[in-house]
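A short write-up of the structure that comes next.
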């Protein structure tokens, strides 16, 4: 069984026992979390597709880690003009272990 959920403006395919890194969500490590923005549920013959979400469906999980991703370098330059700008960015994330899918 699997589900497609929306979090942080992105869509993720999740299944029980797996883990997923999403945009930062509030909560402590070890806390339980429920994702209710489920777009599709499938895997056991019967596929439920929402319009836009599946009614009464939710994905339950546990927060495993709160962290920051790898550094991304942003470099801008205009040749022969002496213009050079360098900037770095690290995106915050929340890692969730999927415990179950209901709906």
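The values are calculated or read from the model by the stated rules, or taken from the named source; none is laboratory data. Note that the coordinates shown come from a computational prediction; the quantities given were computed from them, not determined experimentally. Neighbour counts run over all protein chains shown; Cβ positions are idealised from the backbone, glycine included.
Every condition in (1) touching a strand residue (DSSP E or B) at 6+ places or on another chain (Cβ under 9 Å); (2) at pLDDT below 95 is met by residue 44 except one, and the failing one is (1). Criterion applied to 22, 54, 59, 64 was being touching a residue at least 60 places away in the same chain (Cβ under 8 Å) and either more than 15 Å from residue 12 (Cα to Cα) or out of contact with any helix residue (DSSP H, G or I) (no Cβ under 8 Å at 6 or more places or on another chain) (or both), and the one residue passing it is 22.
Within segment 79-103, the residues that satisfy the criterion of being part of a strand (DSSP E or B) and over 31 Å from the mean Cα position of the chain (by Cα) are 83, 84.
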